[in-house]
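In what follows, a single structure is set out as structure tokens and then discussed.
The values are calculated or read from the model by the stated rules, or taken from the named source; none is laboratory data. This structure is a prediction, so every number in the text was calculated from the model and none was measured. Because the Cβ atoms are built from the backbone with ideal geometry, glycine has one as well, and the counts that use them run over all protein chains shown. Remember, those area values only see protein heavy atoms, side chains included, never the ligands or the DNA or RNA. Shrake-Rupley method; radii C 1.70, N 1.55, O 1.52, S 1.80 Å.
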Amino acid sequence: FLFLSLSIFLSFLYIPSPTCSGGHINPAVTFGLFLSGEIGLIRLALYWIGQMLGGILGAAFALGLSNDLFSIQYGVHNPADSTVIYNGQAMVVEMFTTCMLVLTVHVAAVDSKGPKALTPLCIGMAVAAGILATGRITGGSMNPARSFGPAFISLNALAKHSDLYPSVSSHAYWHDFWKAQWIYIFGPLFGGAVASLIYRFLLSSERRPLPHVHEPVSN
């Protein structure tokens, strides 16, 4: 029931956006679409700027609603305790789940033979599956903007209002949370890159053959 509810909720988030922006929402999705030739470099940069700013504004809005720094810290992604998973393993987890998500986007939304009517539900189910599978391990981010926003806002809020939280120092916060953000940037981006290559050369209904190393010898 939780999986179905989360899938439908995420699907509704996606429905309004494809007609105006493509509904990327996620820098890893945008990167995958760039590598598969669906968008150009300028659009990639503009999408990334908008997505990262969106993550920051969303986290700032959440902090403004709660007015409690520790509540926004709960939104900061951080791998499970090092006795459970190491940073390298966490990056592989994020890479794998993001790869599945970006593959779903390519097959459902990009491919000419994809199930266009079911695209929002397919993407929502992919995100929900990733969160449920890896939420207790890495937080189930699959989205650099989603992870960067709360980390950026909480770090700046802590530095600005350190007098209100004397038991927590910005140095400790950096050590425990901010330094791990590379996992949630490079893991999903690598996953998006792998997904774009898999789709382009293996799954696309209009896949392009690998380039020939040698020209065929004519008779």
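Protection proxy ranking for 195-205, 24-34, 90-100, using the average of other Cβ atoms within 10 Å per residue and placing the highest first: 24-34, 90-100, 195-205. Counted residue by residue at 0.36 nm each, then reduced by the alpha carbon distance between them, the extension gain from Leu53 to Leu203 reaches 50.7 nm. Largest accessible area first, the listed residues Arg146, Arg43 line up as Arg43, Arg146 when surface is computed with a 1.4 Å probe on the assembled protein chains.
With each label modelled as a point 7 angstrom along the Cα→C-beta vector, the Leu46-Arg136 pair spans 4.4 nm. The residues of segment 20-67 present an accessible area of 54 Å² per residue when probed at 1.4 Å with all protein chains retained.
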